Structures are given as structure tokens and as C-alpha cells.
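Data first, discussion second: the structure below is written as C-alpha cells.
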Amino acid sequence: MIFIKLILAHLLGDFILQPNSWVADKENYKLKSKFLYIHVLIHIVLSLIFIWDLQLWWVAVLVGITHFIIDAAKLSFQNVKTKKRWFFIDQLLHILVIGGVSFYFQEFSFGFLQNQEFLKVIMAALFLTTPASIFIKILLSSWTPAPDGPNTIQTESLSSAGKYIGILERLLVFTFIMVNHWEGVGFMVAAKSVFRFSDLAQAKQRKLTEYVLIGTLLSFGLAVLTGIIIK
């Protein structure tokens, strides 16, 4: 029970309730950034709210202290070349801390999840929003196509449209899987192919097409894998 609650608190605190401006400020000022301490405080408060037991206040404090240590280490040691690596190390360490707390309460087993179906679905849905977007963005950071020339696509795009399209498509795919309608996933892939890849093919931008295709497959793949795990 505590494991899922702390994971929910982590997803909210580390992704949903942490603006990009905070991340940039922390990377610039490191331990001198006020947002680092606000971020840790948010994690403590969220942990307390989700646990909802004042006798376990020390768990929230422990999560906050370890979160500060891990984030401080990442900010101190990461650089442009190792930023991607440190992101995954950071997330792994946070999950290990939560797993250690769960192990302390002797509930670190998959059996306890059987009575927590609703929390499992909520946790998966939260992961498929901003956290999944960040994971995909980091995985694609090695490729930054900048198409130019006479065949470049000249279109106006809505602000953050790609981000929200990705979130919606992952949630829809996840929903189709949860209700056992896999044909809906095929429909989503076909629909996106018609609207997205036809324009790219006409522009003859192979690198950009491959970049978008990789991103799309990662997005759908994460949603499908998450749905299979939760099922």
C-alpha cells in the first residue's frame, strides 16, 4: 500500500508539479536554488497526504531527505554529456528508496497489488502523462533534426501541441488495452500515420520522418507496455 502511495507522490512531485523553469533554475544554481528546497518540501507534503497517517511522519521526512541527497548529487555531478544518464540514475535511486521503505513494512511483493486495482490504474495513467513525455524527450535527445531547404515543411503549430497529442494518444491506447479493445490501438496508429507521415513524406525529409516515427513508436510502445503490465 505504501509503495503505490509513495510512487504516486513521486510522479506528482517530480513531474506534474515541477515546472521546467524550476528545473532550469536548479541546473543553473544547483544547491543555491530555492526551488530545490521547495521541490523537496512538496515531496514531503505529498508523501504525508498520500500516506495519511501522522504516526508515519518519519517516512515522509525520510523520503524528503533522501530525495534532496539524490537530487543534490545529480545537480553536482551531471554535465551536458551525462545529463541523460543522470536522469535515469536519479529516477532509479528514488524508486529504490521507495522500494526500501515498502520492504521495511513487509509489503514489497506483487501480491498486495491485487487489492489496489484503482491505484494501479491511476499510477499508470499519471506515468503516461508528463513523466512518459520526459522519458521520450530524453531518449530522443541524441537526435535533433533541423530540416531546411526548399522542401522544408512550413506550418504553424499550436503551443505544446505535440506534447498534449502524445499524452492523449498514450492515455487512449492505455484505455483501449484496459477495456480489451486492441483494435482501437491499430486505429490510433493508422489515424496518426495518415495525418502525420503523409506530410513528412511529401516534404522528402527523411531524417525528420525517422525522428517522428521513432518518437511515435516509443510513445505507443510505452502505453502498450504499461497497459500489459497493469493487466
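The values are calculated or read from the model by the stated rules, or taken from the named source; none is laboratory data. Small disclaimer: the values here were computed from a predicted structure and weren't measured. Methodologically, a virtual Cβ is constructed for each residue, glycine included, from the backbone with ideal geometry; neighbour enumeration extends over all protein chains shown. All accessible areas refer to the heavy atoms of the entire protein, side chains included, with ligands and DNA or RNA removed. Shrake-Rupley method; radii C 1.70, N 1.55, O 1.52, S 1.80 Å.
Among (1) in contact with a helix residue (DSSP H, G or I) (Cβ under 6 Å, 6 or more places away or on another chain); (2) within 21 Å of Thr129 (Cα to Cα); (3) at pLDDT 95 or above; (4) of a type in the set (A, V, I, L, M, F, W, C), there is one condition Ile89 misses while meeting the rest; what is its number?
(1)
Which residues, counting only those in segment 105-121, are touching a helix residue (DSSP H, G or I) at 6+ places or on another chain (Cβ under 7 Å) and at pLDDT 80 or above?
Within segment 105-121, Phe105, Leu119, Lys120, Val121 meet the criteria.
Quick one: what pairs do we get from segment 189-200, first residue over 14 Å from Ser219 (Cα atoms), second open to solvent by less than 50 Å² (accessible area, probe 1.4 Å) and modelled with pLDDT of 65 or more, C-beta under 8 Å, 6+ apart or different chains?
Partner pairs satisfying both residue conditions: Arg196/Val212; Arg196/Thr216; Phe197/Thr209; Phe197/Val212; Leu200/Leu208; Leu200/Thr209; Leu200/Val212.
Working only within segment 9-30, note down all residues that are farther than 25 Å from Met123 by Cα and in contact with a Leu (Cβ under 7 Å, 6 or more places away or on another chain).
If the condition is that a residue be farther than 25 Å from Met123 by Cα and in contact with a Leu (Cβ under 7 Å, 6 or more places away or on another chain), then Lys26, Glu27, Lys30 are the ones that fit.
Is there a residue being surrounded by 15 or more Cβ atoms within 10 Å (Cβ to Cβ) and either closer than 20 Å to Asn79 by Cα or in contact (Cβ under 8 Å) with a residue 40 or more places away in the chain (or both) anywhere in segment 34-41?
Yes, there is a match, as at least one residue in segment 34-41 is surrounded by 15 or more Cβ atoms within 10 Å (Cβ to Cβ) and either closer than 20 Å to Asn79 by Cα or in contact (Cβ under 8 Å) with a residue 40 or more places away in the chain (or both).
Output yes when any residue across segment 68-75 is surrounded by 15 or more Cβ atoms within 10 Å (Cβ to Cβ), outside any loop (DSSP other than H, G, I, E, B) and among the basic types (Lys, Arg), and no when none is.
The answer is yes; a qualifying residue exists.
If I go through segment 44-66 residue by residue, how many of them are of a type outside the set (A, V, I, L, M, F, W, C) and in contact with a Leu (Cβ under 9 Å, 6 or more places away or on another chain)?
Within segment 44-66, residues that are of a type outside the set (A, V, I, L, M, F, W, C) and in contact with a Leu (Cβ under 9 Å, 6 or more places away or on another chain) number 3.
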